[in-house]
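Data first, discussion second: the structure below is written as structure tokens.
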Amino acid sequence: MHLISIDSLSDEQIAILLDAADLFARTNRERARGSDKLAGRTVLHLFYENSTRTAMSFAMAASRLGATPLTLPVERSSVQKGETLEDTARTLNAMRPDALVVRHRENGAVQRVAELMDCPVLNAGDGTNEHPTQALLDALTLRQHFGSLEGLTVAICGDIRHSRVARSNAKLLPRLGAHVRLAGPPGLLPDEAAESGDIEEAIAGADAVMMLRIQRERLDQDLGDAPGEFLSRYGLTAERLQLAAPHAVVMHPGPMNRGVEIASEVADLAERSLILRQVENGVAVRMACLDLLIEA
Ligand code: NCD
């Protein structure tokens, strides 16, 4: 079994993963947080794009379970000598890893790799397509905070067009009973966007507001925005957050560009900002995913 898309998970598997992750999140807070469940297993990491949270939390997850995480430094690998993605995958497969975690700039690249591997492959983000473990950790964070996702309204705002986080969340959160509103500036919404992009309308009355970074590395043309212009027109300021429900929480998958899509004071709001809780849950969710896939 691979984890490439939210679509490939059954409702039962989603429930199993969230319950297991919830337990791991608790044991991760204890001193005796290590386990040897996956002792002797090796998890390889193949990241063609930069990462802090996803890469480190997958590595932490493997080591917490007693497995050995190994990272191929792509920028110093034979990829730079012209080796194709497929040949790199075949090479790693010949070493008989127990799982492979892949991030790549092209949509569908992780699926292509999975077809060549004998071990489970986990998608750590493919282009603008999907980032399933991020959606799972977001769902867990919401579930822990609100008890359930049933009936919640989640506004996801910013660069929706390039966001694999938004795409995976738009698939997962409604399956757990939440209503997702997507909003972004003109040009940063997908062509097929069902709801129009007004950010203030999306935030109005929402239980959770998830902000997204502008993925400038995926833009054909610079936005040409002056410093501070994006924040005042489309960002999450303290004033805009007032439009949300009084109990609303703030989320962000990271990395944040403070003062661009989110005001620094909003990112740091005590109790209401769940941003570091998302990071913490990232380790737990990836432990649950590795455990389920490797043990299957
Ligand atoms: C995101 C990603 O890489 O898709 N980050 C993450 O994994 N937490 C979002 C981004 O790069 O803006």
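The numbers here are math on the coordinates, done by the rules we state, and not lab data. Worth saying up front: this structure is predicted, and the values here are computed from it rather than measured. Because the Cβ atoms are built from the backbone with ideal geometry, glycine has one as well, and the counts that use them run over all protein chains shown.
The angle between the Cα long axis of helix 53-64 and the longest principal axis of the Cα atoms of the chain comes to about 40 degrees, rounded to the nearest 10.
Give me L44, L100 ranked fewest to most by other Cβ atoms within 10 Å of their Cβ, as a rough exposure proxy. If you can, show how the numbers build up before the last one.
Values: L44 22, L100 26.
The order, fewest Cβ neighbours first, is L44, L100.
Computed over every Cα-Cα pair of segment 52-148 and binned at 5 Å starting from 0, the pair-distance distribution P(r) comes out as 3, 11, 19, 23, 21, 12, 6, 3, 2, 1, 0 percent. Label sites at R33 and T84, each approximated as a point 7 angstrom past Cα along Cα to Cβ, lie 4.2 nm apart.
Calculated on C-alpha atoms, the gyration radius of the chain divided by its Kirkwood radius gives an Rg/Rh of 0.97. Gain on full extension, evaluated as 0.36 nm per residue between Q13 and A204 minus their Cα-Cα distance, stands at 65.5 nm.
Exposure proxy ranking for T128, T42, T54, based on other Cβ atoms within 10 angstrom of each Cβ and starting from the fewest, stands as T42, T128, T54. Projected over all directions and averaged, the alpha-carbon convex hull of segment 1-79 occupies 6.8 nm². For the chain, the longest principal axis of the C-alpha atoms and the axis of helix 275-295 are separated by about 30°. In terms of the Cα gyration tensor, with a ≥ b ≥ c the square roots of its eigenvalues, is segment 113-177 rounded because a/c is under 1.5, prolate because a/b exceeds b/c, or oblate? Note, shape of segment 113-177 comes out oblate. Computed over segment 75-117, the percent of Cα pairs more than 15 Å apart is 42. The calculated FRET efficiency for E295 paired with D220, based on their beta-carbon distance and R0 = 41 Å, is about 0.40. Mind grabbing the base-10 log of I(q)/I(0) for segment 132-278 at q = 0.13 Å⁻¹? Debye formula, identical points on the C-alpha positions, no solvent, two decimal places. Evaluating at q = 0.13 Å⁻¹ gives log10 I(q)/I(0) of -0.50. The distance between label points at R26 and R96 comes to 3.8 nm (points 7 Å beyond Cα on the Cα→Cβ vector). Considering only P186, A226, N257, and ranking their Cα positions along the charge dipole of segment 132-278 that arises from unit charges at the beta-carbon of Lys, Arg, Asp and Glu, the one farthest toward the positive end is N257. In terms of surrounding Cβ atoms within a 10 Å radius of their Cβ, C289, C119 rank from fewest to most as C119, C289.
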